[in-house]
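Undergrad: Here's a structure for you.
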Amino acid sequence: MANQTPLGLLDIDSLIGEEDLAMQKTVRQFVEERIKPDIAEWYESGRLPAREIAEQLGSIGALGMHLEGYGCTGTSATAYGLACLEVEAGDSGIRSLMSVQGSLAMFAIHAHGSEEQKEEWLPQMAKGEKIGCFGLTESDFGSNPAGMRTRAKQDGTDWILDGSKMWITNGSIADVAVVWAQTDDGIRGFVVPTDVDGFSAPAIKQKMSMRASVTSELVLDGVRLPAEAMLPAVKGLRGPLSCLTEARFGIIFGSIGAARDCLEATLRYASEREIFDKPLGGFQLTQAKLADMSVELGKSMLLALHIGRLKDEGRITAEQVSFGKLNNIREALKIARECRTIMGAAGITLEWPMMRHANNLESVLTYEGTSEVHQLVLGKALTGQDAFR
Ligand SMILES: Cc1cc2nc3c(=O)[nH]c(=O)nc-3n(C[C@H](O)[C@H](O)[C@H](O)COP(=O)(O)OP(=O)(O)OC[C@H]3O[C@@H](n4cnc5c(N)ncnc54)[C@H](O)[C@@H]3O)c2cc1C
């Protein structure tokens, strides 16, 4: 059994249905051909041909792919997870584009929007012709979005939105923003076309992570919207949290892609690089690292597939999603860093993916609920005690 792949060791593919495997293969090929050849350059320059990539992702049915109707592909949740895995093997920034589009912006409209909102936005977003963003976080309210200050006030039948959002993926390139705001009736969601007066989205610069991803501030300065811009079907924090659970689900799989890419590249390097007159992969210390990382990668994959099945059976809980996100991102980040050690100096360049993936995973550890927030979710589930405050 020479030269097994890390996930091949456990014959993981035998646990995945044929249709889901076929979708995974399509996305893997897309990433090999369209993302991997250019990602180092996009990362270094901090510039991404986001519209082109969105349309390409749309053409393979990867945007909002697990949603039904309105031009969406309607795959299983597991297939969606596997697609996230393959896209994140390319780069977490591209997977962020896909997650925010499908699981945050499109899901919010699909689950909580009016028929008119769904028909207006979802088919174009599924094709990647329109890009969406999701504005929940504010500079003073990240882990505690309930405190948000962005406010929507009624003026006749219209709504006037004032405030700002921070760290918003796709913000500066979005055609539509799903924005959450306080109203006299609690937190509500609004579908905001980004060409409306009073809306601007300056890009956040000097990032050391997610350089192949657009991250922005959203400024809402007296943005006037008609009554029908509000998402009618949900009220309170339940609305944005339902979307975050969707996106976190994709990340459970996605992080495995980043880790797998690091490990596969490291295995290639270790078999070619000679030190002390023999291949680096022939040393026990290197093999111990490779074995331990493969074990963690395999365990993360089994966990992701289990959580995928729970979602496909319609019985997943938010705590299970926290469980998966907490473990898989943490382990992926450890794998990326450990791979870098095997690479020596070569591991610090963009010629190899470890440092780029590790830097990206620092953001993934923080967004969609920090690790600490997920520990608190699990702690509460285990003890019945709320330790958030
Ligand atoms: C690249 C990137 C893209 C993003 N994209 C989006 C997006 O598209 N839309 C969006 O709305 N947001 C987005 N975010 C924001 C992200 O969701 C927030 O950064 C995250 O929720 C954490 O908020 P914060 O950064 O304000 O950290 P804080 O909430 O200030 O947390 C700081 C520290 O305190 C810890 N902490 C928090 N609460 C507790 C507690 N009760 N007990 C102990 N410790 C605690 C945290 O775990 C963390 O370690 C993005 C962030 C990044 C980095």
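Undergrad: Looking at region 180-196, is at least one residue small (Gly, Ala, Ser), open to solvent by less than 30 Å² (accessible area, probe 1.4 Å), modelled with pLDDT of 95 or more and part of a loop (DSSP other than H, G, I, E, B)?
TA: No, region 180-196 contains no residue that is small (Gly, Ala, Ser), open to solvent by less than 30 Å² (accessible area, probe 1.4 Å), modelled with pLDDT of 95 or more and part of a loop (DSSP other than H, G, I, E, B).
Undergrad: Against the definition (closer than 24 Å to residue 61 by Cα, surrounded by fewer than 21 Cβ atoms within 10 Å (Cβ to Cβ) and not hydroxyl-bearing (Ser, Thr, Tyr)), how does residue 173 come out, yes or no?
TA: Yes: the conditions hold for residue 173.
Undergrad: Please work out which one of (1) open to solvent by less than 60 Å² (accessible area, probe 1.4 Å); (2) under 30 Å from residue 76 (Cβ atoms) is the condition residue 299 fails and give its number.
TA: (1)
Undergrad: Something else about it: Looking only at region 149-171, filter to residues that are of a type outside the set (Phe, Trp, Tyr) and near the ligand (Cβ under 10 Å from one of its atoms); which one of those is nearest to residue 195 (Cα to Cα)?
TA: Among residues in region 149-171 that are of a type outside the set (Phe, Trp, Tyr) and near the ligand (Cβ under 10 Å from one of its atoms), the one nearest to residue 195 (Cα to Cα) is 171.
Undergrad: Looking at the structure I just gave you, is residue 20 touching a residue at least 40 places away in the same chain (Cβ under 8 Å), within 18 Å of residue 312 (Cβ to Cβ), open to solvent by less than 30 Å² (accessible area, probe 1.4 Å) and charged (D, E, K, R)?
TA: yes
Undergrad: Failed condition for residue 318, given (1) away from the ligand (no atom under 16 Å from the Cβ); (2) more than 19 Å from residue 266 (Cβ to Cβ), with all others met?
TA: Checking residue 318 against (1) away from the ligand (no atom under 16 Å from the Cβ); (2) more than 19 Å from residue 266 (Cβ to Cβ), the one that fails is (1).
Undergrad: Tally the residues that are surrounded by 24 or more Cβ atoms within 10 Å (Cβ to Cβ), near the ligand (Cβ under 9 Å from one of its atoms) and more than 18 Å from the chain's Cα centre (by Cα), restricting the search to region 94-140.
TA: So the answer is 0.
Undergrad: Something else now. Would you confirm whether any residue within region 223-231 is part of a loop (DSSP other than H, G, I, E, B), more than 10 Å from the ligand (Cβ to nearest atom), open to solvent by 20 Å² or more (accessible area, probe 1.4 Å) and touching a residue at least 60 places away in the same chain (Cβ under 8 Å)?
TA: Quick first cut of region 223-231, residues part of a loop (DSSP other than H, G, I, E, B) only: 226, 231.
In the following step, the residues that additionally are more than 10 Å from the ligand (Cβ to nearest atom) were identified as 226, 231.
Applying the additional criterion that residues be open to solvent by 20 Å² or more (accessible area, probe 1.4 Å) yields 226.
Cutting the leftovers down to touching a residue at least 60 places away in the same chain (Cβ under 8 Å) gives us 226.
Among the residues of region 223-231, at least one is part of a loop (DSSP other than H, G, I, E, B), more than 10 Å from the ligand (Cβ to nearest atom), open to solvent by 20 Å² or more (accessible area, probe 1.4 Å) and touching a residue at least 60 places away in the same chain (Cβ under 8 Å), which makes the answer yes.
Undergrad: I'd like to know if region 57-72 contains one or more residues that are more than 30 Å from residue 234 (Cα to Cα) and open to solvent by 30 Å² or more (accessible area, probe 1.4 Å).
TA: Yes, region 57-72 contains at least one residue that is more than 30 Å from residue 234 (Cα to Cα) and open to solvent by 30 Å² or more (accessible area, probe 1.4 Å).
Undergrad: Follow-up question, since we're still on this one. Keeping to region 337-370, report how many residues are within 16 Å of the ligand (Cβ to nearest atom) and open to solvent by less than 20 Å² (accessible area, probe 1.4 Å).
TA: Adding up the residues that qualify gives 7.
Undergrad: State whether one or more residues within region 249-269 are crowded, with 24+ Cβ neighbours inside 10 Å and over 22 Å from residue 353 (Cβ atoms).
TA: yes
Undergrad: Please specify each residue of region 55-93 satisfying the condition of being farther than 26 Å from residue 263 by Cβ and within 16 Å of the ligand (Cβ to nearest atom).
TA: Those that are farther than 26 Å from residue 263 by Cβ and within 16 Å of the ligand (Cβ to nearest atom): 63, 64.
Undergrad: For region 371-384, enumerate the residues that are open to solvent by 40 Å² or more (accessible area, probe 1.4 Å) and within 13 Å of the ligand (Cβ to nearest atom).
TA: Selection gives 372, 375, 376, 380.
The values are calculated or read from the model by the stated rules, or taken from the named source; none is laboratory data. Everything numeric here is computed off the predicted structure, so don't read it as measured data. For neighbour counting, all protein chains shown are included, and Cβ atoms are generated from backbone atoms with ideal geometry for every residue, glycine included. Surface accessibility is based on the protein's heavy atoms, side chains included, excluding ligands, DNA and RNA. Shrake-Rupley method; radii C 1.70, N 1.55, O 1.52, S 1.80 Å.
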